[in-house]
Amino acid sequence: KDGVELYKGNSLSEAFAAATSGSTIRVIRYVSMEESIELATDVTLIGTNNISFTDYEIILADLDAKLTADNQIADYMASFDENYKVAENRDGDNYVYTLERYSILIKDNDTIIYIGDDINEALEVSTNGSIMYIFAPVTMKADYVLEKEIIIYGSENLVFDNYKIFLLGEDARILAVSDLSENVGSADPEHRVVSRRQLIYYVYELNYYKV
């Protein structure tokens with residue numbers, strides 16, 4: 001870093017341990033990783049073709065951790081937190097690895113039952129009464145028929161893209177923190193969707209048509 005040599009040797013683990021924010025690690029000869037490495041700062045790694053990762057990984061161990069590499073090494077990157085994924089971006093000829101929060105998290109009581117980015121998959125995995133948190137925009141890939149109750153926080157991040165959520169059955173209900181009336185329909189011609197406000201929620205459920 002800044003012309004100061006912090007480490008010279010044959011151990012990649014020791015090189016990372018010696019590195020400080022902004023350091024560049026240059027691997028000039030073949031080296032084999034002997035353990036997974038935790039990185040909690042901002043480091044540039046040059047000479048990745050000389051590294052044998054075997055079964056080990058470089059773990060981004062802080063939300064601000066960043067690794068810039070001269071080759072694509074996404075298969076050998078990992079996150080210390082299951083709520084965050086490793087994101088890969090390009091910066092010229094380099095690959096930049098940082099942590100990025102998954103778009104969707106679902107809890108059933110206090111148990112996490114889904115973490116990911118696919119809203120249709122998340123709806124399928126959700127259980128009756130579960131709570132969905134949407135942290136970033138997600139786009140539906142198809143219509144979805146919902147036969148359970150679900151509470152959605154961050155519903156303003158739902159991009160329907162001309163698709164809808166269709167309610168079916170007595171248990172079908174959506175409680176959302178934003179207005180989804182244009183995108184919620186009935187999958188049963190004998191029922192219609194009715195909406196109401198309940199505290200902070202827009203509530204959507206089925207009711208019989210009035211005769």
(message) How big is region 1-99 along each principal axis, measuring the range of its Cα positions in Å and listing the largest first?
(response) 35, 30, 24
(request) Can you tell me the dipole magnitude for the chain around its Cα centre, using point charges on the Cβ only (Lys, Arg +1; Asp, Glu -1), in Debye to the nearest 20? (result) 480
(message) Please compute the per residue accessible area over the chain with all protein chains in place, 1.4 Å probe, rounded to a whole number of Å².
(response) 57
(request) Leaving ligands, DNA and RNA out of it, report the carbon-plus-sulfur percent of the accessible area of the chain at a 1.4 Å probe. (result) 42
(message) Just to confirm my numbers, what's the Cα centroid distance between region 53-77 and region 86-107 in Å?
(response) 11
(message) I'd like to know how the chain sits against the 2.2 N^0.38 Å rule of thumb: what's its Cα Rg over that expected value?
(response) 1.41
(message) Can you compute the charge dipole magnitude of region 19-134 about its Cα centre, using +1 on each Lys and Arg Cβ and -1 on each Asp and Glu Cβ, nothing else charged? Give it in debye, rounded to the nearest 20.
(response) 340
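Assign unit charges at the C-beta atoms only (+1 for Lys and Arg, -1 for Asp and Glu), then state the dipole size of region 150-198 relative to its Cα centre in Debye, rounded to the nearest 20. All intermediate terms of the calculation are to be shown ahead of the outcome.
On the way: 5 positive and 8 negative charges, 33 e Å.
That gives region 150-198 a dipole magnitude of about 160 debye.
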(request) Quick one: check the C-alpha center-to-center distance for region 3-40 versus region 185-209, whole angstrom. (result) 59
(request) Please compute the net charge surrounding D118, taking Lys and Arg as +1 and Asp and Glu as -1 over other residues with Cβ under 10 Å from its Cβ. (result) -2
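Tell me what the chain gives for mean residue ellipticity at 222 nm when only DSSP H runs of n ≥ 4 count, each as -39,500 (n - 2.57), the sum divided by the residue total, rounded to 500 deg cm²/dmol. Write out the running numbers ahead of the final one.
Details: 2 runs with 14 residues, N = 211.
Calculated mean residue ellipticity at 222 nm is -1500 deg cm²/dmol.
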(request) May I ask you to evaluate 6.51 cos²θ - 1.76 cosθ + 1.60, the Karplus curve with θ = phi - 60°, for each residue of region 28-42 and list the ³J(HN,Hα) values in order in whole Hz, giving x for glycine and proline? (result) 9, 9, 4, 9, 10, 5, 10, 6, 5, 10, 9, 10, 10, 9, 10
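The values are calculated or read from the model by the stated rules, or taken from the named source; none is laboratory data. Source: prediction; values computed, not measured. Methodologically, a virtual Cβ is constructed for each residue, glycine included, from the backbone with ideal geometry; neighbour enumeration extends over all protein chains shown. Heavy atoms of the whole protein, side chains included, go into the accessibility calculation; ligands, DNA and RNA do not. Shrake-Rupley method; radii C 1.70, N 1.55, O 1.52, S 1.80 Å.
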